[in-house]
Amino acid sequence: MTTHFSNAMWRGSRGWLTTLLLAVFLMLSVAVQAAEVSVKASLSRTVTVIGEPVQFQIKVTGKPATDIPDVIVDGLEIRYVGASKQQSIQFGSGPMRNESSTTYAYDVTADKNGTYTFPAVTVEVDGKPYLTQPVKLTVQASSADDAVRPKAQGLVEIVVPKTTVYVGETIPVELHLYVDARVHWQPVAMPEISGEGFTKQKMPEPRRPETVTKNGLECDHMVFKTAITPGKAGKLSLGPGEVIYNAQVPRARKSGPRSPFDIFGDDFFGEPMFAQTQQVKVKSQPVELTVKPLPATGKPRDFSGAVGKFSFSADGSPAVVKVGDPVTMKLRISGRGNFDRVEAPALQNPAGWRSYPPSSEFKKDDSDELGLSGTKTFAMAVIPEEKKTQMPAFTFSYFDPETEKYVSLASDPAPLQVDGAKPAAATPRPTPVTATATPEPTPAKAAPAATDILGPLYEPGPRKSFTPLYARREFLLAQSVPAAALCLLLAYRLRRRPDAAAARTAALRREKAALLAKLRTAQMPHPEFLEGAARVVQITTALATGTDAAGVDATAARALADADTAEIIEEVFNARAELLFAGGGRDERRGSTDDRARVLAALEKFGRNHAQS
């Protein structure tokens, strides 16, 4: 019962599925547009030898021909062998196209060498004539004993855009490989180009080979690309270039007409399964390059070795900062040349600026496989040490091999607002002066009693006062009792609360002692060592001057140190700032043991000179 019901459901669903597929097919049949009619003539090979047949083909796209086209060429034996059909649906941005084609094939054999031209053939489709293009065939002579077979040995050529270059100039190099199109082959490894005196880039994966005609023979053409940069002047030999590939060579085809009793024919045994596989090494001829030295005349001071053609731009952010705050400059160099030797542009006027080593990023153009053209961007942190109204200006110089001259480019600085002034050197805390006893003030003499005539009128007997209660002396005396009690309570509470300044000083001293103990640890990473050493200097200076430790810089600390200690303090703060602002990020390398010992000795000496800290 269950099985029967399931089968019934399957038959029902299959019927619905068939109906749905038919509906989709009908919709596609309506939506798909038929391709336009076109005709094209071609040869399986454009070069052959006497007695070896080639195939002439006429491909009709859109609709089949009304009749089989006639092909006649004087001096050639042409025999129609059949037609094949292909059907496909082309998808694209527009409507779908139903593309059908019919290919009419003819075997062609020549008895004499020479060049033969297949004229334009008229093909009739739906009563309308269409013409093919003319095609040429070259026939070469061959001896009766020579077996005609494809050649496994290919041809390799080194192609360079020019043979005269400059030291440091990067030029593209191409290795062209040509292999008989009848040979099934595959590269074993990437090619090698020998030679000394230059560096070369790693070869990217080549594109698929294309069919071209080389020396009258149809060949598979593959191009391997690289780039070289000469490092010395003189005559340099580039090459030879060597390519290794495996080749499957079809069995030899005998010259002369085919026997009517040969039921298989030579084509059957020419298939790859009956071919011989061999490894082939092909070498090219070397190419001689003339390398000229860069001229010494007119070389800019900031030239770093860039050779090519470039443009330069710079911009920075933020546009409003304070003295001592970093400005990030983006320095962009675009063009074509040896980007591996392009270094960061130089600061045109370093006065009032502190700069740090930049980071760099290179982005090649999408159309350039070798990375000879693109944009290299440097990110550099610069710190204004005084008020400025413009971003820092940079210069970049390169050598143009086309004009054979040096070119210097300068950035156009944008406006910049720098607030504040350069921090002044901290001054030591003044020595407290011992307080001296202040003499008590001499009490004022009492005013003499009134002796005029009105005095006696207010003296005799008690009289009623009109003074308000809150202003009377006895009321004020009564209120002084609870006020005195409240003051005593507050004084008691304040005596129990620790002094805030003393607590802050004690905390700084504990932090300093812990840092010094940690700095003596040999396993401490170098960035943390510099950070800790700078913090010890800040704490020592803050305790000696009464300033905030976080606001202490090298200038403030140097004012309290002797010449030797001040120099080491400057080194510590500069190295710490370089790790913070340099584009490469924090340097994970460790400083030498001697350098650390020298810094620790300076920190201890600095602390002894300010024992109160």
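Throughout, read-outs are computed from the coordinates displayed, never taken from laboratory work. Quantities reported herein were computed from a predicted structural model and do not represent experimental measurements. Positions of Cβ are backbone-derived with ideal geometry, glycine not excepted, and every protein chain shown enters the neighbour counts.
Peptides 482-489, 109-116 ranked from most to least packed give 109-116, 482-489, packing being the mean of other C-beta atoms within 10 angstrom over each peptide's residues. Partner aspartates and glutamates whose Cα lies under 18 Å from the Cα of residue 59, excluding those fewer than 8 positions away in the same chain, are identified as 36, 67, 70, 99, 107, 124, 126. Counted by Cβ distance under 14 Å from residue 137, the other residues give a net charge of -3, where Lys and Arg count +1 and Asp and Glu count -1.
Using C-alpha pairs below 8 Å separated by at least 6 residues, the relative contact order for region 376-420 is 43 percent. Site pair residue 285 and residue 500 shows an inter-label distance of 9.2 nm when each label is modelled 7 Å from Cα along Cα→Cβ. Shown here for region 366-420: chymotrypsin sites (Phe, Trp or Tyr not before Pro) in loop regions (DSSP other than H, G, I, E, B) with at most 13 other Cβ atoms within 10 Å, of which there are none. Across region 500-609, the volume of the C-alpha convex hull divided among the residues equals 98 Å³ per residue.
With the charge dipole of region 280-389 set up from +1 on Lys and Arg Cβ and -1 on Asp and Glu Cβ about the Cα centre, the Cα lying farthest toward the positive end among the listed residues 333, 296, 378 is that of 296. The loop-placed trypsin sites (Lys or Arg not before Pro) in region 286-376, going by DSSP, that have at most 13 neighbouring Cβ atoms within 10 Å of their Cβ come out as 301. Between residue 414 and residue 478, full extension at 0.36 nm per residue minus the direct alpha carbon distance yields a gain of 15.6 nm. With 26 Å as the limit on Cα-Cα distance, the pairs of 322/518; 330/363; 330/364; 136/214; 200/281; 162/214 that go past it are 322/518. Straightening the chain between residue 157 and residue 304 buys 49.5 nm, computed as 0.36 nm per residue apart minus the Cα-Cα spacing. A straight Cα-to-Cα reach below 12 Å connects residue 283 with the aspartates and glutamates 157, 192, 242, residues fewer than 8 places away in its own chain not being considered. Across region 34-140, Cα-Cα pairs farther apart than 17 Å form 55% of the total. Using C-alpha pairs below 8 Å separated by at least 6 residues, the relative contact order for region 500-609 is 30 percent. Stretched out straight at 0.36 nm per residue, the stretch from residue 521 to residue 133 would grow longer than its current Cα-Cα span by 131.0 nm.
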